[in-house]
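Take a look at the structure below.
Where a number appears in this text, it was derived from the coordinates with a stated rule and is not lab data. Predicted, not measured: the structure shown is a model, and the values here were computed from it. Here the Cβ positions follow ideal geometry from the backbone for every residue, glycine too, while neighbour counts run over all protein chains shown.
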Amino acid sequence: MKRNKYLQILLILVIFAVIAYSSWRMLKISGSPEYRSVSVIVDNSTSDRWIAFREGLEQGGQEEQINISFVSTDVFKSAEEEAAVIRKELENGADGLIVEPCGEEESGVLLNALPQPSCVLAVFGISSDPPVDTVQPDWYEMGAAAAREAVTGQNASENREPGPVSNGPVRRVGILTGDIKLKDMALCLKGAEDFLLDSGAEIVWTYGPDSVPDSRALSDKLSEKPADVLLSLEDAMTKVMADYARETPAKCPDLTGIGCSEQNITNIDEGWIRALVVPDEYYMGYHCVISLSRKLGTYSAVKETEPVPFVIVTKDNLYDEDMESLLFPVVR
Amino acid sequence: MKPEHKPVSIQIIMSLSFTAVAVILMLFLSFLLYSQFENRSREISREASEQLLSQTVISLEDYLRNMRRVSDSMYYAVIKRKDLADEDLREEMDILYEANKDKLVSIACYYSETGELAGACPISAVKDSVSVKDQTWFIQAEEEVENFHFSLPHVQNLFNDPSQRYNWVISLSRSVDLTRDGAAMRGVLLVDMNYSSIVHLLDQVNTDLTGGYVYLMDADGKLIYHPRKSLIRMGEVKENNLLAVSYGDQSTEEVFEGKRRMVAVKTVGYTGWKLVRVVPMEAFRSGMITTRYLMIILVAVSLLVIILTNRVLSDRITMPLRKLNESVASWEAGNMYPDIYIGGSLEVEHLGRTLASTVEQSRQLMDDIVVEQEEKRKSELEALQSQINPHFLYNTLDSILWMIQGERYDDAVYMIKQLASLFRISLSRGKTIISIGDELKHAQNYVNIQRIRYKNRFEVSFDVDPGMYSCCIVKLVLQPILENAIYYGMEYMDDGEGRIKVCGHREGDNLVLEVTDNGPGMPEEAAARLLTGEEREHAKGSGVGLINVHNRIRLRFGDQYGLSCVAHPDEGMTVRICLPGIPYNKENCSMLEAGRRGQV
């Protein structure tokens, strides 16, 4: 009799447990989905070079239920300045960060400020292997592809074979770079130089000032040592190069560059630049969010690197269907 | 060894049975209800999808109709009426553009033959490098002159925009008749619709957070709008548009990329475009999860209520039975005066009453048995006492002594023989049941002795059916009656006048023995009292009353047997003995000795 009583009490307790669990699950399901918030910190956030990147971020945020906060920033003067913004965002309750390091960061101030488990670097310029996940193009490959396009005028496919390019004369190449102390830029330059040396082209000079010069500086450089081809490895330098072409179309050598801003797309469209190597920044932004979402979900410490593809844009393929989608992701 | 089965209480059985039946019924109903609800929800979802598509298609058609009107207005109201050699189209184009500039990017008209621009708005600076004749919208308009042609979305590549903007457009082109210098020629009218209007319209539809979405494709299945178009371009996701284009305007369930989903298609008028609504079944199922948990809660709560209700109900229903059981248990424990519960339902109350009656009867029976045993013991004792009545023995022996002293040796021998026979039968090896023959012999021995003692003052005759001799009788029945007859009847009779008659005959299955004397008798009331135990005065005699004989007969043979007295004052008295006609044999004797008269 007593045993039956205990069994009944046990049964009632089990039923209560089922009711409690089901109610909890129901409330959890019926509640609004939990959105996490991620802050994106890039240098000069209003620049049009971030349009595609930002679109990718927003698409990723939509897919992964993440609120993307694109922090308004000016041009960072130092890593400390960017680290301060990172700290502020963390204080404001950001669940994760997507950061584009503003430049060389030897002191470690920036990297120390990063919350490693919930941070992804969208890398355009960093001096060493970061301790957090990175999403970046294969800089060496991109430099090599740009160099190939510069000396051959042919699309550099991913399946290109190494070695000298057989068609066309050996040409004098002037290279414009960003800050070569940064690892990505150094890799990009190395890729370009290796290809150019293999192809037999002559690198007449390599120009990488600390700050973005104007077209006159480039003019001086060319006056000093003329080049048949100018190869720019950075978006801002590609603009400078195009500005120079506009100003002195007659004297301007053949221009090839790396970039992704709308201004440089226009430069291609208008014919000032012959070819432009464009990393798929939409893809980059999207994968930054996906990568960060995985980390926020699993807190995995495993480093993951998503190589960002790139395309070579010329005036001929600018309005191809796939190219349009990549270059103009935003419908105005 | 077989495990001992421990019985379960009726309340538990009842409670469990009710609960089990209720649970089975409830689960069955819940399953049925859930299935119905799921089907209905799916139907509602399907209807909602189709309704959403219909409304969106109406908006889309409205937008496209407006664009066609712009084209029609431009063609029929402007181009057809103008000679382009003298007049330009700019002013009218500007008006139309301004009126629709939120939906339009540009309006342009080209000569078919040369691809030269006849007029454009808002920008008319044509890119040098662009050949319109190679553009798809131009080729389509030239190939099918009667129709409007809607291109896929693309970035407009016609004009040098000083603002360096790149606009996504859908080109609406048609072949038109132009007039220049009075000569008719063909041209192509282009209305570049703002693609963002369509994107905006469809983005508003795509706010479903459960995973459902809407996309738009042309008649060949090429995507015009898709909320994840860039991801499709990147290869991150895939869409089943090439198969969906073959679906009719209806809802279909398909499996794509291993996932089931519901696809509703609606064709946009005139363009052949198809608007597609995709709802993953997973999203639908996740919507049903809430319902599933709600059902679980309802079932659990109902189960709880049922268990508690069953507990209370079974407690109330079985309470009378349990109380009755407690009464039985108390009785079983030896309480001869248990408090028997009488109540509850009709059946239980009946059981209670029956039990109470049974207990009462049992108690009465026990009392009776006790009394009976006591009576038996007493009567046996009295019978034994009668066997060794010291007065009788003394008187008889005294008579024998006198006979010997009086040298009446033959009489003395006769007397001793009679006494020996009497005692032999009296003892009967301890038996209580003897044959009537023996009983008669015993009676004869007795009266023979008494007659000698009374010097033959009375006569005794025996007239018994010899067929009765071999029937059973309780021993020493006749002797006390004869003793009474002698002491109370013959005492006052003159010599030779006293008469005692012993008769025996059958009456049906019964045997009747009668002892009749012609003594003074007694009043009827006194005779009646002889058998009630009230008349126990033994002035003389062996001290064994008729009542003792009467009781002994009833104890052995039943209440319907025994003595009855018929008294006639001054005329004598008859004592009638009624016995069952039981043959005297070993089995019957054993049964009757053991008190199991019912089995005889």
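Quick rundown of the values:
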| quantity | calculated |
| --- | --- |
| Isotropically averaged projected area of region B:82-198, using the convex hull of Cα atoms (one quarter of hull area), nm² | 7.1 nm² |
| Rg/Rh for chain B, where both radii come from Cα atoms and Rh is the Kirkwood radius | 1.76 |
| Cβ-based net charge around A:LEU318, under 9 Å, with every Lys or Arg adding one and every Asp or Glu removing one | -3 |
| DSSP bridge pairs, the protein assembly as shown: antiparallel proportion in percent, nearest 5 | 65 percent |
| Tail weight of P(r) past 20 Å, computed on alpha-carbon pairs of region B:405-514, percent | 45 percent |
| Number of partner chain Cβ atoms within 10 Å, mean per residue of B:500-509 | 0 |
| For region B:246-334, Kirkwood radius (reciprocal of mean inverse C-alpha pair distance, Å) | 19.0 Å |
| Cβ neighbours within 10 Å from other chains - mean over B:221-230 | 2 |
| Value of Rg to Rh for region B:279-319 (Rh from inverse mean 1/r over Cα pairs, i.e. Kirkwood) | 1.42 |
| Kirkwood hydrodynamic radius over Cα pairs of region A:139-258, then Stokes diffusion coefficient at 37 °C and 0.692 mPa s, in µm²/s | 234 µm²/s |
| Cα-based reach from B:LYS441 at 29 Å (exclusive), listing lysines while leaving out same-chain residues under 8 positions away | B:LYS376, B:LYS378, B:LYS417, B:LYS431, B:LYS455, B:LYS475, B:LYS501, B:LYS540, B:LYS586 |
| Compactness of region B:199-283 as Cα Rg over 2.2 N^0.38 Å, two decimals | 1.01 |
| Only Lys, Arg (+1) and Asp, Glu (-1) charged, at Cβ; region B:82-186 dipole about Cα centre in debye | 460 debye |
| Area projected by the alpha carbon convex hull of region B:122-274, averaged over all directions, nm² | 11.9 nm² |
| Relative contact order for region B:82-198, counting Cα pairs under 8 Å that sit 6 or more residues apart, in percent | 32 percent |
| DSSP beta bridge pairing in region B:388-599, given as percent antiparallel to the nearest 5 | 80 percent |
| Equivalent ellipsoid, region B:290-377 (semi-axes from 5 times Cα gyration tensor eigenvalues, Å) | 50, 11, 7 |
| Listed peptides B:143-150, B:180-187, B:192-199, B:221-228 by packing density, highest first (mean Cβ within 10 Å) | B:192-199, B:221-228, B:143-150, B:180-187 |
| Cα Rg over Rh - the protein assembly as shown, Kirkwood | 1.59 |
| Mean separation of Cα contacts under 8 Å (6+ apart) over length of chain B, as relative contact order % | 9 percent |
| Within region B:154-180: backbone nitrogen closer than 19 Å to the B:ALA219 label point (7 Å, Cα to C-beta) | B:170-176 |
| Computed log₁₀ I(q)/I(0) - Debye formula, equal Cα scatterers, no solvent, region B:388-599, q 0.15, 0.16 Å⁻¹ | -0.97, -1.10 |
